[in-house]
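See below for the structure under consideration.
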Amino acid sequence: ASFARCGLGFPSTWYDFAAENLEQLYIPYQQGGVFPRCEPLLTSTGLGVGTEARGFMTKRTQIQQLEKALDSIKTHLGSRLIPIGYYPWQDTCPYYKCQSGEAQFDIVKEVGFDYSITYKDEGKFPRIVYQDENFISINQQNIHWRGDGPGKTIQSWEKKIIDSGNPGWIMIGLDAPFWCQPPFYYDPEYPPPASYGAETSVTKLMAAMRYVNKGGNSGKLFLAKPHEVVRFARMLRTRKLI
């Protein structure tokens, strides 16, 4: 959709083995692509699936994997288009247990990322969870791997934030395979597997985006890419509003 704005996280191996699937990220939306409405992020230790929480991989291994991933992307796109944001897989939730692990934000900063989105303090009010110089990591407002759906979560947090009288954001993270598996990706009448949750449908996702794009019930919502949300968080920090 022409109004949509979001982030999309994936490992560097997509650039190596499925580059044709990523072309639209760099083609202007006026010409059939999605640029600049969708922001690419690097995810899950860079090269594949890996638990980032302390005690699962050494710091050296994580740094080597992330640096190798960024070098690989650079060979395809050049240094100007390397992702500046990092989206983890299990930085605080090893074995899918929420808040059971310790995130290692220093690794992400050391590799050179501008920001990260974290599972730490997920489902809580918007906050900067970690900051070191200009690097920050912000939390998400949904609980990962839950079937509540973006629409219900957005409306719930919209009310909470408005009622609080404080500024904030609503960061929603979705597991793409759950939302992009045909046939229920295309057909709202086709029920997804029960384990995926009743809200897993691209039609529900687009409805949620349209809701935000129209301002929500409060008239104060708007869509933003991850780095734009982070920039907003920095502004709130500078003004001591968060």
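Looking at C38, G48, W169, which one has the Cα that reaches farthest to the positive end of the dipole of the chain (charges on Cβ: Lys, Arg +1; Asp, Glu -1)?
W169
Treating only the Cβ atoms of Lys and Arg (+1) and Asp and Glu (-1) as charged, compute the dipole magnitude of the chain about its Cα centre; round to the nearest 20 debye.
Numbers: 27 positive and 24 negative charges, 179 e Å.
So the dipole magnitude of the chain works out to roughly 860 debye.
Take the alpha-carbon positions of the chain, form their convex hull, and give its projected area averaged over all directions (one quarter of the hull surface) in nm².
Average projection, Cα convex hull of the chain: 13.5 nm².
With just the Cα atoms defining each centre, how far is region 201-220 from region 97-176? Give it in Å.
19 Å
Count neighbours as other Cβ atoms within 10 Å of each site's Cβ, and list the GluC sites (Glu not before Pro) in region 78-176 that are DSSP loop with at most 11 such neighbours. Please report the intermediate quantities before stating the final value.
Details: sites: E102, E110, E122, E133, E158; in loops: E102, E122, E133.
Listed in order of number, the matching sites are E133.
Please report Rg over Rh for region 92-147, where both radii come from the alpha carbon positions and Rh follows the Kirkwood definition.
0.98
So how much slack lies between D132 and N217, counting 0.36 nm per residue of separation and subtracting their Cα-Cα distance, in nm?
Full extension from D132 to N217 adds 27.0 nm.
Using a 1.4 Å probe over the heavy atoms of the protein chains, calculate the carbon and sulfur portion of the accessible area of the chain as a whole percent.
53 percent
Compute the projected area of the convex hull of the Cα atoms of region 16-106, averaged over all viewing directions, and report it in nm² to one decimal place.
Over every viewing direction, the Cα hull of region 16-106 projects on average to 6.8 nm².
If you count only protein heavy atoms with a 1.4 Å probe, what accessible area per residue comes out for region 58-160, rounded to a whole Å²?
50 Å²
Checking the a/c ratio against 1.5 first, then a/b against b/c, what shape does the Cα gyration tensor give for region 1-42? If you can, show how the numbers build up before the last one.
Values: a/c = 3.25, a/b = 1.54, b/c = 2.11.
Oblate is the answer for region 1-42, as a/c is 1.5 or above yet b/c matches or exceeds a/b.
The values are calculated or read from the model by the stated rules, or taken from the named source; none is laboratory data. A quick note: this is a predicted structure, and the numbers were derived from the prediction, not measured. Quick reminder, even Gly has a Cβ in these numbers, built from the backbone with ideal geometry, and neighbours come from all protein chains shown. Calculation scope for accessible area: heavy atoms of the full protein, side chains included, ligands and nucleic acids excluded. Shrake-Rupley method; radii C 1.70, N 1.55, O 1.52, S 1.80 Å.
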